[in-house]
Amino acid sequence: MAKTPVIKTVNLCKYYQMGKTTVRANQKINMEIYSGEFIIIFGPSGCGKSTLLSLLAGLDEPTSGEIIIRGEKLNNLNSTQLAKYRRTKVGMVFQQYNLVKTMTASENVALPLAFDGKPKRFRSQRALSCLEMVGLADQKDHTPAELSGGQQQKVAIARAWVAVPWIVLADEPTGNLDSKSSDDIIHLLKNLNKKSKRTVILVSHNPEYIKYADRVIYLKDGVVAKATGKTKRVSREKKPKSDLELLEIEPKIKRALKRAGFKSAEDLLKVRIADLAKIRGIDDIEAAKIQKEATKLLEKEGKLVSTAESFGEGEEASNIPSGDNLQKEDNLPNSDNLPGKDSTTPEDESLDKKDEDINNEV
Ligand code: ADP
Ligand code: MG
């Protein structure tokens, strides 16, 4: 199974109409960026780097084309979902730091959490740990005016990390800094990327940074001129072998169970014997044997779960084959006992369910 990109763009275009002239800031940009990558978008001033970042951040709408975040089209999100995406899935670092001048470092870092209704104690603890992460815990009560440029940018990086985003977008973050502070910032971003496995997309026109990137996407006049480096797309996730394979039952019965939508031994214990026996090619005796074998296997693995009788409301039903599927494949009558469809997720949570595989540290 190939990995799902964190970000994929398909023929992404952004045009600006300036009187009679059309400025093609981004033209047919196709890219796939994978979890944990450190990507540099490189190109001269005016080639469309900032435009691309604001599209990826959901701050601006494309003229045409798609942005797909972990398999979900950004265009399909409603305004509440989009706001949540910007607040919790994307961390941004800008050239001008964009800190609130009247707030302390700690308050600036905690700000994205305030919009998300997190309790104050949690916000300040999380802000402090992010300030520690960038080496500025001692400066937590300083306002931006009391910090150097490099320190202000570190506060902005801590702020970008505070909501545990999927993607950190940094637009020329060293543009206002001397070379020592610039190196510090790039090393910090690189280290945080490595440690937290968060995807970082850095926009720059400085060729010295290229060596830090896993991949470089070169933009020229709004188009991808070339891309270098090896994408993580080639690394494939090892598909876990289903424990259905391990059951001591005939292969043709296994095939029938798979066709009916069962994916694991655990699933087999979540329906009644009578329902298993409704599947084409399986009778009552075979159905009883299937459940006996599944029980044996799960006991052996120490993961015996509740049976159909105790499978009640509120149980996690996400990996269970749907009753619809059983009916379609095997012409079964509707049964209350067959596992139902996945419980629906609230709309604005739709991106959240993809959080499972994300490392929540840092
Ligand atoms: P970069 O970040 O690589 O310097 P930008 O993305 O800022 O480039 O700009 C790409 C092109 O789009 C430039 O020609 C710029 O003038 C134009 N552009 C950017 N933003 C706007 C805007 N809001 N209105 C009109 N033209 C814009
Ligand atoms: Mg720019």
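The values are calculated or read from the model by the stated rules, or taken from the named source; none is laboratory data. What you see is a predicted model; the values in this text were computed from it and never measured. Cβ: placed from backbone, ideal geometry, glycine included. Neighbour counts: every protein chain shown.
Just give me the residues in segment 279-290 being in contact (Cβ under 8 Å) with a residue 40 or more places away in the chain and crowded, with 21+ Cβ neighbours inside 10 Å, in sequence order.
Answer for segment 279-290, where residues must be in contact (Cβ under 8 Å) with a residue 40 or more places away in the chain and crowded, with 21+ Cβ neighbours inside 10 Å: Ile279, Ile290.
Of the residues screened, Tyr218 is one that is within 16 Å of ligand 2 (Cβ to nearest atom), aromatic (Phe, Trp, Tyr) and in the same structural domain as Asn30 (by TED's automatic domain parsing). The single condition among (1) in a strand (DSSP E or B); (2) closer than 30 Å to Ala127 by Cα that Val216 does not satisfy is (2).
Of the residues making up segment 253-276, those that are buried (at least 16 other Cβ atoms within 10 Å of the Cβ) and either touching a strand residue (DSSP E or B) at 6+ places or on another chain (Cβ under 8 Å) or not basic (Lys, Arg) (or both) number 16.
Just one of (1) out of contact with any Gly (no Cβ under 7 Å at 6 or more places or on another chain); (2) surrounded by 21 or more Cβ atoms within 10 Å (Cβ to Cβ); (3) closer than 18 Å to Ser64 by Cβ; (4) of a type outside the set (Phe, Trp, Tyr) fails for Thr9. It is (1). The requirement of being away from ligand 1 (no atom under 15 Å from the Cβ) and touching a residue at least 12 places away in the same chain (Cβ under 8 Å) is fulfilled nowhere in segment 17-24; no residue meets it. Please verify whether segment 150-171 includes one or more residues that are surrounded by fewer than 16 Cβ atoms within 10 Å (Cβ to Cβ) and part of a helix (DSSP H, G or I). Among the residues of segment 150-171, not one is surrounded by fewer than 16 Cβ atoms within 10 Å (Cβ to Cβ) and part of a helix (DSSP H, G or I), which makes the answer no.
Tyr97 meets the conditions (1) away from ligand 1 (no atom under 16 Å from the Cβ); (2) surrounded by fewer than 18 Cβ atoms within 10 Å (Cβ to Cβ); (3) under 25 Å from Gly150 (Cβ atoms) in every case but one. The failed one is (2). When Asn191, Asn176 are checked against the criterion of being more than 19 Å from the chain's Cα centre (by Cα), within 15 Å of ligand 2 (Cβ to nearest atom) and either assigned by TED's automatic domain parsing to the domain that holds Gln152 or in a helix (DSSP H, G or I) (or both), a single residue qualifies: Asn176.
Taking the criterion of being among the hydroxyl-bearing types (Ser, Thr, Tyr) and either within 16 Å of ligand 2 (Cβ to nearest atom) or touching a Leu at 6+ places or on another chain (Cβ under 8 Å) (or both), the residues of segment 10-46 that qualify are Tyr16, Ser45. For residues in segment 56-76 being buried (at least 18 other Cβ atoms within 10 Å of the Cβ) and either acidic (Asp, Glu) or under 17 Å from Trp166 (Cβ atoms) (or both), which is nearest to the chain's Cα centre (by Cα)? Among residues in segment 56-76 that are buried (at least 18 other Cβ atoms within 10 Å of the Cβ) and either acidic (Asp, Glu) or under 17 Å from Trp166 (Cβ atoms) (or both), the one nearest to the chain's Cα centre (by Cα) is Arg70.
To keep it simple, each residue is scored yes or no on (1) touching an Asp or Glu at 6+ places or on another chain (Cβ under 7 Å); (2) modelled with pLDDT of 95 or more; (3) over 24 Å from Leu59 (Cβ atoms).
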| residue | (1), (2), (3) |
| --- | --- |
| Leu113 | no, no, no |
| Gly117 | no, no, no |
| Leu131 | no, yes, yes |
| Asp141 | no, yes, yes |
| Ala156 | no, yes, no |
| Val164 | no, no, no |
| Thr174 | no, yes, no |
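Test Ala170 against the stated conditions and say whether it is touching a residue at least 12 places away in the same chain (Cβ under 8 Å) and more than 16 Å from ligand 1 (Cβ to nearest atom).
Details: touching a residue at least 12 places away in the same chain (Cβ under 8 Å): yes; more than 16 Å from ligand 1 (Cβ to nearest atom): no.
Spelling it out, it is not the case that Ala170 is touching a residue at least 12 places away in the same chain (Cβ under 8 Å) and more than 16 Å from ligand 1 (Cβ to nearest atom).
The residue list Glu248, Glu266 contains one member that is touching a residue at least 24 places away in the same chain (Cβ under 8 Å), of a type in the set (Asp, Glu) and part of a loop (DSSP other than H, G, I, E, B), which is Glu248.
Of note, Thr4 satisfies the criterion of being touching a residue at least 60 places away in the same chain (Cβ under 8 Å), away from ligand 2 (no atom under 14 Å from the Cβ) and closer than 27 Å to Lys195 by Cβ. Please verify whether Ser54 is within 13 Å of ligand 1 (Cβ to nearest atom) and either touching an Asp or Glu at 6+ places or on another chain (Cβ under 8 Å) or closer than 28 Å to Ile185 by Cβ (or both), treating the condition exactly as stated. The answer is yes for Ser54. Filtered by the rule that a residue be surrounded by fewer than 19 Cβ atoms within 10 Å (Cβ to Cβ) and either without any contact (Cβ under 8 Å) to a residue 12 or more places away in the chain or within 12 Å of ligand 1 (Cβ to nearest atom) (or both), segment 31-49 gives Pro44, Ser45, Gly46.
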